[in-house]
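As structure tokens, the structure follows; a few thoughts come after it.
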Amino acid sequence: MTEPVIHLKDVSLTLGEGASSVHVLKGVSLDVTAGEATGIVGPSGSGKSTLLMVLAGLERVDAGIVRIAGEVLNGRSEDQIAAFRGRNIGIVFQSFHLIPNMTALENVAVPLELAGRMDAFEIAARELEAVGLADRVTHYPGELSGGEQQRVAIARALAPEPRILIADEPTGNLDQATGRQVADLLFAKARERGMTLVLVTHDPALASRCARQVSMRSGRIEAAPLVAVSA
């Protein structure tokens, strides 16, 4: 049997301390197959975004096993996890998280430069062309529409050729038509490159495009059924 690219076993996580502490994840177990598109859904405060941060190594768990792309993240140093993330995981946020004083080209090149790639800007230019922004490479985020900024963010996430693409409410700040275009792009690129896609969304239409929907409530997974779907 093929090892899942994402494996969580009995993961628990509490954020904050003392009276203000919140038990965000409560014994979460989840396996995701390589190349699968998984949508994580549930009400606000159910732990969806925190679960994504655990998958990306941006939150350390209190208990349980986190194995991503065959590597156990438990006990790794921050530097080790950052290096692992740079090789294996691309992240797209709701708020784009672009660096405002860098051009689109420079924003996309950042993770490649951090990885020591000498051809960072050549790859960045290719990725921007792939998301339809070849004529926007010298523009700054403030000169781009919301949809264009999210395309830059997607290009940045794709540039290191990660095995896993994580998206947290990727269409949440966009109008319906632009959101649909961005969603089409995400699914198309993940499919073209054989990447595993995990996304958090409040949008039922977006979630329904995933091969599986994982429903969360109060820090627990309620259901993770397989569904027939065409992205």
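The values are calculated or read from the model by the stated rules, or taken from the named source; none is laboratory data. What you see is a predicted model; the values in this text were computed from it and never measured. Just the protein is used for accessible areas: all its heavy atoms, side chains included, with ligands, DNA and RNA removed. Shrake-Rupley method; radii C 1.70, N 1.55, O 1.52, S 1.80 Å.
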**Asked** With every protein chain present, what accessible area does K9 have (1.4 Å probe, heavy atoms only), rounded to the nearest 10 Å²?
**Response** 100
**Request:** Working from Cα positions, state the angle (0 to 90°, nearest 10) between the long axis of helix 104-114 and the longest principal axis of the chain.
**Result:** 60
**Request:** Would you mind pulling out the separation of the Cα centroids of region 102-127 and region 48-63, in Å?
**Result:** 27
**Complete:** Between M216 and residues 5 or more places away or on another chain, the pairs with built amide H atoms under 5 Å apart involve V41, G42, E222
**Fill in**
If amide H atoms are modeled at 1.01 Å from N in the peptide plane, then the residues at a separation of 5 or more from D203, or on another chain, having amide H under 5 Å from its own are none
**Complete:** Computed over the chain: longest principal axis from alpha-carbon atoms vs helix 146-158 long axis, angle to nearest 10 degrees, is 70
**Item:** Rounded to whole Hz, the Karplus (6.51, -1.76, 1.60) HN-Hα couplings of region 47-58, x for glycine and proline
**Value:** x, 4, 5, 5, 4, 4, 5, 5, 4, 8, x, 8
**Asked** Using a probe of 1.4 angstrom, how much of the accessible area of the chain is carbon and sulfur, in percent?
**Response** 50
**Phi-based couplings in Hz for region 159-169 (Karplus 6.51, -1.76, 1.60; Gly and Pro marked x)** = 3, x, 6, x, 7, 10, 10, 10, 10, 9, 6
**Message:** Can you tell me the orientation of helix 176-193 relative to the chain, as the angle in degrees between its alpha-carbon axis and the longest Cα principal axis, to the nearest 10?
**Reply:** 80
